[in-house]
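> There's a structure below that I have some questions on.
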Amino acid sequence: MAEPVILCRGLWKIYGSEPAKFLARHDSNPSPEQFEQSGHIGAVQDVNLDVQPGEILVIMGLSGSGKSTIVRCLSRLIEPTHGQVIFQGTDLLKATEKEMIEIRRHKMGMVFQNFALLPHRTVIDNVAFPLEVQGVDRAQRHERALEIIELVGLKGREKYYPRELSGGQQQRVGIARSLAVEPDVWFLDEPFSALDPLIRREMQDEFLRLQNLLHKTIIFITHDFDETVRLADRIAIMYEGRIVQLGTAEELVTKPATDYVRAFTRDIPKAKLLTVASVMGPANGARGDGPAVTDDQRIGDVAGLVIGQDKPVTVVNGSGNVVGSLTRQQVVDALFADRS
């Protein structure tokens, strides 16, 4: 496996009086009671995670769980209390402020829920603004901005002002601006949550299209599990400042690590999420001359076929080799069994 783009170890962000001393006084493992007694707040608590090249890692949690604080700690927009954040071999917590400014300007792209566009600047000047900050000359930065504007589907609106754009178009400008510096890692904090459902769906489609073209390493924050299922390679679930489970959507639904994760994923449409491989049993009983399904198909796509059979249906892999069998009862249990 390739080296992680970001490696986070023992990351803490504590609010209160002298948080570093508080953490040291309790051997870097204060209890909830000690937090409450001291008046400190553990916004991020002993977080460990890695982000692989080209991966979309989605961090989820309810409001106040610490997901946005993590993103700001990883980029040091908020100063962590303790821990390590290794980015391309450099511990960001040991970097100087000048070094961090250069890293943010050249290697990190950020998109937040608030579009934060400059109202007095046109689309092209908003997109080119990070390059202007870098000192890139006007002709060169405009050339780059026009490429990105076309990439995000805003060609022809280069001279519009933000007030002349729809919400979805404004968010495209924010995305384009974050891509102008060609970042190595892309942070997106609930970028679509302020949009209407239809526009939000369109922006998710646009995001996936861009990712297929650009293959960025992405940390994406959301509280919407439907959005997560569409976008994520892996998901980190946060609860009270801690990551309580990290895995694929299937792993979280089929093997929840805690009651909180189980409750958080209870209403996920399993028919669209679970693959045959996550539900099937051994090949025993499968008949070679009957219907077959592939192990990467979604349960919802094969349910009608399997439920209509009296015997187990053969499951094959991409090479056509038999890897298991799927019964009517396994499908029914996967879709309808109470997992509470």
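The values are calculated or read from the model by the stated rules, or taken from the named source; none is laboratory data. In this text the structure is predicted, and so the values were computed from the model without any measurement. Counting neighbours? That spans all protein chains shown, and the Cβs are built from the backbone with ideal geometry, glycine included.
> Please give the number of the condition I237 fails out of (1) at pLDDT 90 or above; (2) in contact with a helix residue (DSSP H, G or I) (Cβ under 7 Å, 6 or more places away or on another chain); (3) over 30 Å from S28 (Cα atoms).
(3)
> Does R72 qualify as being under 23 Å from E182 (Cβ atoms), assigned by TED's automatic domain parsing to the domain that holds L210, free of Cβ contacts under 8 Å to residues at least 60 places away in the same chain and within 18 Å of the chain's Cα centre (by Cα)? Before you say what the answer is, go through the steps one by one.
Numbers: under 23 Å from E182 (Cβ atoms): yes; assigned by TED's automatic domain parsing to the domain that holds L210: yes; free of Cβ contacts under 8 Å to residues at least 60 places away in the same chain: yes; within 18 Å of the chain's Cα centre (by Cα): yes.
Yes, satisfied.
> Restricting to segment 31-55, name every residue that is β-branched (V, I, T), surrounded by fewer than 22 Cβ atoms within 10 Å (Cβ to Cβ) and closer than 14 Å to I221 by Cβ. Reasoning before the result, please.
Going residue by residue through segment 31-55, those that are β-branched (V, I, T) are 41, 44, 47, 51.
Checking the rest, the ones that are also surrounded by fewer than 22 Cβ atoms within 10 Å (Cβ to Cβ) come to 41.
The answer is none; no residue qualifies.
> Among the candidates T294, T248, T258, single out the residue that is in contact with a strand residue (DSSP E or B) (Cβ under 7 Å, 6 or more places away or on another chain), of a type outside the set (G, A, S), under 20 Å from L62 (Cβ atoms) and surrounded by fewer than 18 Cβ atoms within 10 Å (Cβ to Cβ).
T258
> Looking only at residues in segment 56-107 that are among the β-branched types (V, I, T) and within 26 Å of D27 (Cα to Cα), which one is surrounded by the most Cβ atoms within 10 Å (Cβ to Cβ)? Steps first, answer last, please.
Looking only at segment 56-107, we keep the residues that are among the β-branched types (V, I, T), and these are 56, 58-59, 69-71, 78, 81, 85-86, 90, 96, 101, 103.
So of that shortlist, the ones also within 26 Å of D27 (Cα to Cα) come out as 69-71, 78, 81, 85-86, 90.
Values: T69: 21, I70: 30, V71: 21, I78: 17, T81: 23, V85: 22, I86: 17, T90: 12.
Across segment 56-107, the extreme among qualifying residues is I70.
> Among L118, L146, which is in a helix (DSSP H, G or I), more than 26 Å from the chain's Cα centre (by Cα) and either among the hydrophobic types (A, V, I, L, M, F, W, C) or surrounded by fewer than 13 Cβ atoms within 10 Å (Cβ to Cβ) (or both)?
Numbers: L118 fails: in a helix (DSSP H, G or I).
Only one candidate qualifies: L146.
> What do you reckon, is L195 outside any helix (DSSP H, G or I), aliphatic (A, V, I, L, M) and touching a strand residue (DSSP E or B) at 6+ places or on another chain (Cβ under 6 Å)?
On the way: outside any helix (DSSP H, G or I): yes; aliphatic (A, V, I, L, M): yes; touching a strand residue (DSSP E or B) at 6+ places or on another chain (Cβ under 6 Å): no.
When the stated conditions are applied, L195 does not pass them.
> Considering only segment 195-217, how many residues are among the aliphatic types (A, V, I, L, M), exposed (fewer than 11 other Cβ atoms within 10 Å of the Cβ) and at pLDDT 90 or above? If you could, list the steps in order and put the result at the bottom.
Going through segment 195-217, the residues among the aliphatic types (A, V, I, L, M) turn out to be 195, 198-199, 203, 208, 210, 213-214.
If we keep only those that are exposed (fewer than 11 other Cβ atoms within 10 Å of the Cβ) as well, we get 198, 213.
Cutting the leftovers down to at pLDDT 90 or above gives us 213.
Summing the residues that are among the aliphatic types (A, V, I, L, M), exposed (fewer than 11 other Cβ atoms within 10 Å of the Cβ) and at pLDDT 90 or above in segment 195-217 gives 1.
> Let me ask something else about it. Determine the pairs where a residue that is hydroxyl-bearing (S, T, Y), located within segment 166-182, has a partner that is in a helix (DSSP H, G or I) with Cβ atoms under 8 Å apart, the partner being 6 or more residues away or on another chain.
Close Cβ pairs (under 8 Å, with a partner that is in a helix (DSSP H, G or I)) amount to S166/I199; S178/P130.
> Taking A334 as meeting all but one of (1) at pLDDT below 90; (2) in contact with a Phe, Trp or Tyr (Cβ under 6 Å, 6 or more places away or on another chain), write down the number of the exception.
(2)
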